[in-house]
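Accompanying notes for the structure given below.
The values are calculated or read from the model by the stated rules, or taken from the named source; none is laboratory data. Quick caveat: nothing in here was measured; it's all calculated off a predicted structure. Here the Cβ is made from the backbone with ideal geometry for all residues, glycine too, and neighbour counts use every protein chain on show. To get the accessible areas, we keep the full protein, side chains included, count just its heavy atoms, and leave off ligands, DNA and RNA. Shrake-Rupley method; radii C 1.70, N 1.55, O 1.52, S 1.80 Å.
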Amino acid sequence: MKLQEIELRRIRLPLVAPFRTSFGVEHERDILLVKATTDAAEGWGECVAGSEPLYSSEHADGAHQVIRDHLLPRLAGVAEDLTAARVAPALAGVKGHAMAKAALELAVLDAELREHGMPLASYLGAVRDQVPAGVSVGIAGSVPELLDTVGGYLADGYPRIKLKIEPGWDVEPVRAVRERFGDVLLQVDANAAYTLADAPTLARLDPFDLLLIEQPLPEDDLRGHAALARKLRTPVCLDESIISARAAADAIALGACAIVNVKAGRVGGFLEARRVHDVCVANGVPVWCGGMLETGIGRAANLALAALPGFTLPGDTSASARYWRRELITEPFVLEPPGVVSVPVGPGLGVTVDPEFLEEITVSVERRRVDR
Ligand code: OSB
Ligand code: MG
């Protein structure tokens with residue numbers, strides 16, 4: 001297929017409620033969408049970078065500039081005969097910028113699959129048509145407020161709860177949720193907020209039978225995670241540290257994690273995300289699908305990934321209503337009994353993007369011809 005044009009569209013969308021983590025609080029998302037136009041079809045990608053570089057080194061403005069000034073010229077070199085598999089090799093000279101690369105690759109992949117009438121889930125090797133839903137719960141203002149929020153999600157039907165933690169907000173909230181809600185599937189995510197010296201505090205989470213503790217230590221501290229894992233009964237899961245399939249292999253070999261959170265944006269795209277999955281499966285390490293507060297575009301792709309055989313734990317694959325008061329970019333994803341979300345079945349992402357709604361929330365649009 002011939003790539004003709006890339007559109008870079010910035011949108012703003014308010015979250016249903018502020019989302020607080022150890023690295024900051026978000027009230028609305030500032031999102032970069034990528035549209036690829038080819039001679040055969042159009043495809044969409046969503047960049048998961050936040051408005052500030054707080055989760056990782058990437059942010060939306062940076063990704064936008066990197067795509068425009070550094071990735072598109074390289075993609076233009078292969079535009080004449082493009083497939084999604086050729087995107088990452090063409091961009092490999094640019095170091096880092098995984099989220100920018102992933103957004104571009106997804107737009108090309110969506111166009112390619114729409115041309116061939118193939119759903120993304122089938123292309124990736126999915127074995128399920130529904131995936132269990134989990135919900136990521138931000139740091140609350142107080143324990144009673146947290147219990148209200150968690151109670152609401154359980155009433156909605158979410159089968160798995162993930163609590164964001166940070167020093168000073170860990171043992172007490174976890175104890176409170178366990179005591180109030182019994183043996184619900186429960187896990188925590190620290191977003192790198194602790195040090196190895198906090199091991200005694202984190203060991204106090206052991207009695208609560210958590211599924212896992214996600215990314216307690218800094219991104220580059222694999223040895224620290226291995227040392228911490230030896231001190232905890234709760235399995236250690238890595239998110240930020242797993243930047244590639246090779247990083248996953250290293251982390252597993254070092255004993256730094258027993259479980260892996262897979263996010264395509266963090267590893268440079270869905271093709272690398274599948275390789276992370278494959279490395280983990282080969283090592284007997286369970287994986288689950290992370291999220292980055294995506295709109296329906298990114299969420300559709302995450303659901304396809306989460307349907308692969310190694311995704312044996314519920315992911316941060318929530319319904320659209322958990323994120324947005326009004327998100328009509330695509331058809332909404334809904335939570336269905338018994339706590340699952342359906343994997344899209346149509347070609348490519350399997351969702352239809354509504355251009356009128358998109359216009360309503362658009363802040364800027366930039367189009368670049370790539371066929372010159
Ligand atoms: O660490 O998993 C994370 C959101 C933004 C950035 C990082 C993370 C998250 C989440 C939300 O936990 C997951 C979701 O529901 O999309
Ligand atoms: Mg995380």
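Residue-by-condition table, conditions (1) touching a helix residue (DSSP H, G or I) at 6+ places or on another chain (Cβ under 6 Å); (2) aliphatic (A, V, I, L, M):
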position: D198; (1), (2): no, no
position: T201; (1), (2): no, no
position: C237; (1), (2): no, no
position: A249; (1), (2): yes, yes
position: I259; (1), (2): no, yes
Seminar exercise, completed: Checked segment 269-303 for anything in contact with a Leu (Cβ under 8 Å, 6 or more places away or on another chain), open to solvent by 10 Å² or more (accessible area, probe 1.4 Å) and within 16 Å of ligand 2 (Cβ to nearest atom); matches are P286, L293
Exercise. Does T201 satisfy the criteria of being open to solvent by 40 Å² or more (accessible area, probe 1.4 Å) and within 13 Å of I165 (Cα to Cα)?
Worked result: yes
For this session: Please work out if R266 is away from ligand 2 (no atom under 16 Å from the Cβ) and at pLDDT 95 or above.
Result: no
Problem set entry | Selection count, segment 238-250, where residues are of a type in the set (A, V, I, L, M, F, W, C) and either on the phi > 0 side of the Ramachandran plot or surrounded by fewer than 24 Cβ atoms within 10 Å (Cβ to Cβ) (or both) | 4
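Residue-wise test of (1) within 17 Å of the chain's Cα centre (by Cα); (2) closer than 20 Å to Q130 by Cα; (3) touching a residue at least 60 places away in the same chain (Cβ under 8 Å); (4) within 16 Å of ligand 2 (Cβ to nearest atom).
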{"residue": "L305", "(1), (2), (3), (4)": "yes, yes, yes, yes"}
{"residue": "R325", "(1), (2), (3), (4)": "no, no, yes, no"}
{"residue": "P347", "(1), (2), (3), (4)": "no, yes, yes, no"}
{"residue": "L358", "(1), (2), (3), (4)": "no, no, yes, no"}
Exercise. Is it true that D110 is at pLDDT 95 or above, outside the structural domain of L271 (by TED's automatic domain parsing), in a helix (DSSP H, G or I) and open to solvent by 60 Å² or more (accessible area, probe 1.4 Å)?
Worked result: no
Problem set entry | Looking only at segment 218-237, and only at residues there that are farther than 9 Å from A256 by Cβ and crowded, with 21+ Cβ neighbours inside 10 Å, the one that is nearest to ligand 1 (Cβ to nearest atom) | C237
Exercise. So, of the residues in segment 239-253 that are aliphatic (A, V, I, L, M) and part of a loop (DSSP other than H, G, I, E, B), which turns out to be nearest to ligand 1 (Cβ to nearest atom)?
Worked result: I242
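Among V365, V353, V341, which is in contact with a Phe, Trp or Tyr (Cβ under 6 Å, 6 or more places away or on another chain) and not in a loop (DSSP other than H, G, I, E, B)?
Step by step, each of V365, V353, V341 is checked, and only V341 is in contact with a Phe, Trp or Tyr (Cβ under 6 Å, 6 or more places away or on another chain) and not in a loop (DSSP other than H, G, I, E, B).
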Seminar exercise, completed: Checked segment 38-90 for anything open to solvent by 30 Å² or more (accessible area, probe 1.4 Å), over 19 Å from the mean Cα position of the chain (by Cα) and within 19 Å of A301 (Cβ to Cβ); matches are E42, T83, A85, R86
Exercise. Looking only at segment 260-289, which residues are within 19 Å of P314 (Cβ to Cβ) and among the aliphatic types (A, V, I, L, M)?
Worked result: V260, V262, A264, A273, V276, V281, V285, V287
For this session: Would you check which residues across segment 280-302 are of a type in the set (A, V, I, L, M, F, W, C) and either in a strand (DSSP E or B) or within 23 Å of A60 (Cβ to Cβ) (or both) and list them?
Result: V287, W288, C289, M292, L293, I297, A300, A301
Exercise. Residue check: is S342 open to solvent by less than 60 Å² (accessible area, probe 1.4 Å) and over 25 Å from T38 (Cα atoms)?
Worked result: yes
Exercise. Is it the case that some residue within segment 214-236 is within 16 Å of ligand 2 (Cβ to nearest atom), of a type outside the set (K, R) and under 24 Å from P144 (Cα atoms)?
Worked result: yes
Problem set entry | Out of E172, E179, E166, sole residue that is within 16 Å of ligand 2 (Cβ to nearest atom), open to solvent by 30 Å² or more (accessible area, probe 1.4 Å) and in the same structural domain as L293 (by TED's automatic domain parsing) | E166
